[in-house]
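Data block below; observations after.
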Amino acid sequence: MEPKNSLFDTAVVGGQRLRNRIVLPPLTRSRADDDGVPTPLMEEYYRQRAGAGLVISEGTVIAPQATAYTRVPGLYSAEQVAAWRPVVEAAKREGAVVYAQLWHVGRQSHSSVQPDGLPPNGPSPIAITGYQYRSANGRIPYETPRELTTADIAEIVQAYGTAARNAVSAGFDGVELHAANGYLIDQFLNDGSNCRTDLYGGSLENRTRFLREVITELARHLPMDRIGVRLSPSSDWMDAHDSDKRTLYSTVVRQLNDFRIGYLHLVEPEIAGSTTVDRPADSVPTAELAALFDGVVIVTGGHDQASAERLLADGTADLVGFGRLFISNPDLPRRFQTQAPLEPLRPTGIYGGGPEGYTDYPSLAASGA
Ligand code: PHB
């Protein structure tokens, strides 16, 4: 019998060897400056967490229109690219492989953060209901998005390509495409947010077209096996609804097989954005989609060391992400390896602010343990 993988076995992603199967998944922390330029504080944060075999950046926006919140980093300006370089270099120097997560929020944005002050864009003029936008002045309703024209779509596809080229220039080893959590790509996939009657709506072939066009564009700037795709097949967070999620996401996974991308990153059904919830009634089992995929699978969402080892042992996952545990335990791999106690997450400093709740969580070495 083949020996089963453990979190501390190496793995290969995109032709690069990872020193373990532990992933820092994308986590919005809002410590860039007001122009989306990474800061020295971010360098410290990523360096601290570079014990992960694979480090994936927080969602990084591909254009000024792509953002929902202030202080989220971007990869569209020369200043941003220059400021990412030391951040990426710091994590690579510690031995991690480092990917940039490319993000466009679509209808989850708001006119108050749009460069032209107009409502955000989306596949169809359908507003998010049941959730409220986190504005600088508190929670407010989402707006009805403007329907993207085919010319707008072509422009966004181009912007993904430019951001990928910028990611390579900043030193990232690869990119992860954020196609999860009801953001722009997921808005095209789900029939609850896409009622277009052109080539980008209606049939599964049409609703998945935008995703395929973006992947094709990214692959003009880096090898296909350095591109990962993140999906949240069961999440209804931010009004992400589809009449048949199982058929939708199994179709997407089969299409990803044809591209031969580097990895598929699946968010567990119990995750709604950044919190743990009950599994939705129409959830699609992670193991079912993972089994459909021919390449490397990362699974993230609410796992601890023991449940992660089970995912590796039963073959569901090749790598496992730990988000909230990594926020409060910068040296999480070392703590797992030595069975050291884990630091609890504090509620302050998750989004925005300075070092507090960001870079001030202790590592074992620093505390003398
Ligand atoms: C968040 O800011 O809470 C957030 C951002 C991106 C996600 C999910 C949650 O994909």
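The values are calculated or read from the model by the stated rules, or taken from the named source; none is laboratory data. Predicted, not measured: the structure shown is a model, and the values here were computed from it. Counting neighbours? That spans all protein chains shown, and the Cβs are built from the backbone with ideal geometry, glycine included. Side chains included, ligands, DNA and RNA excluded: accessible areas come from the protein's heavy atoms. Shrake-Rupley method; radii C 1.70, N 1.55, O 1.52, S 1.80 Å.
The residue list Thr216, Thr300, Thr286, Thr251 contains one member that is over 28 Å from Leu41 (Cα atoms) and open to solvent by less than 20 Å² (accessible area, probe 1.4 Å), which is Thr286. When region 134-147 is filtered for residues that are in a loop (DSSP other than H, G, I, E, B), within 16 Å of the ligand (Cβ to nearest atom) and open to solvent by 80 Å² or more (accessible area, probe 1.4 Å), only Ala136 remains. Counting the residues of region 202-236 that are closer than 14 Å to Ile261 by Cα and part of a loop (DSSP other than H, G, I, E, B) gives 5.
Counting only residues that are part of a loop (DSSP other than H, G, I, E, B), away from the ligand (no atom under 12 Å from the Cβ) and either aliphatic (A, V, I, L, M) or buried (at least 24 other Cβ atoms within 10 Å of the Cβ) (or both), region 70-80 holds 2 of them.
The residue list Ala179, Ala164 contains one member that is out of contact with any Gly (no Cβ under 8 Å at 6 or more places or on another chain), within 24 Å of Trp237 (Cβ to Cβ) and modelled with pLDDT of 95 or more, which is Ala179. Out of all the residues in region 148-156, is one or more farther than 26 Å from Ala82 by Cα, of a type outside the set (A, V, I, L, M) and either under 18 Å from the mean Cα position of the chain (by Cα) or part of a loop (DSSP other than H, G, I, E, B) (or both)? Yes, region 148-156 contains at least one residue that is farther than 26 Å from Ala82 by Cα, of a type outside the set (A, V, I, L, M) and either under 18 Å from the mean Cα position of the chain (by Cα) or part of a loop (DSSP other than H, G, I, E, B) (or both).
Counting just the residues of region 38-80 that are β-branched (Val, Ile, Thr) and closer than 21 Å to Asp116 by Cβ, which one comes out farthest from the chain's Cα centre (by Cα)?
Filtering region 38-80 down to residues β-branched (Val, Ile, Thr) leaves 39, 55-56, 60-62, 67, 70, 72.
If we keep only those that are closer than 21 Å to Asp116 by Cβ too, we end up with 61-62, 67, 70, 72.
Details: Val61: 11, Ile62: 13, Thr67: 14, Thr70: 18, Val72: 13 Å.
Here the answer is Thr70.
Filtered by the rule that a residue be of a type in the set (Asp, Glu) and open to solvent by 50 Å² or more (accessible area, probe 1.4 Å), region 153-173 gives a lone residue, Glu155.
Sub-7 Å Cβ pairs linking a first residue in region 274-299 that is among the charged types (D, E, K, R) to a second residue that is away from the ligand (no atom under 16 Å from the Cβ), at least 6 apart or interchain, are Asp282/Lys245; Asp294/Asn257, ordered by first then second residue.
Here Gly228 passes the criteria (1) of a type outside the set (Asp, Glu); (2) under 15 Å from the mean Cα position of the chain (by Cα); (3) closer than 22 Å to Gln108 by Cα except the one numbered (3).
Filtered by the rule that a residue be open to solvent by less than 30 Å² (accessible area, probe 1.4 Å), small (Gly, Ala, Ser) and more than 16 Å from the ligand (Cβ to nearest atom), region 175-204 gives a lone residue, Gly201. Against the list (1) open to solvent by 70 Å² or more (accessible area, probe 1.4 Å); (2) in contact with a strand residue (DSSP E or B) (Cβ under 9 Å, 6 or more places away or on another chain), the condition Leu342 fails is (2).
Quick check on my filter: what residues within region 182-197 are assigned to a helix (DSSP H, G or I) and touching a Gly at 6+ places or on another chain (Cβ under 6 Å)?
If the condition is that a residue be assigned to a helix (DSSP H, G or I) and touching a Gly at 6+ places or on another chain (Cβ under 6 Å), then Leu184, Gln187 are the ones that fit.
The residue of region 93-133 that is farthest from the chain's Cα centre (by Cα), among those that are in contact (Cβ under 8 Å) with a residue 12 or more places away in the chain, at positive phi and surrounded by fewer than 16 Cβ atoms within 10 Å (Cβ to Cβ), is Gly130. Selection over region 47-69 of residues that are open to solvent by less than 10 Å² (accessible area, probe 1.4 Å) and outside any loop (DSSP other than H, G, I, E, B) gives a count of 9. The conditions of being modelled with pLDDT of 95 or more and farther than 26 Å from Gln16 by Cα are met by Pro355.
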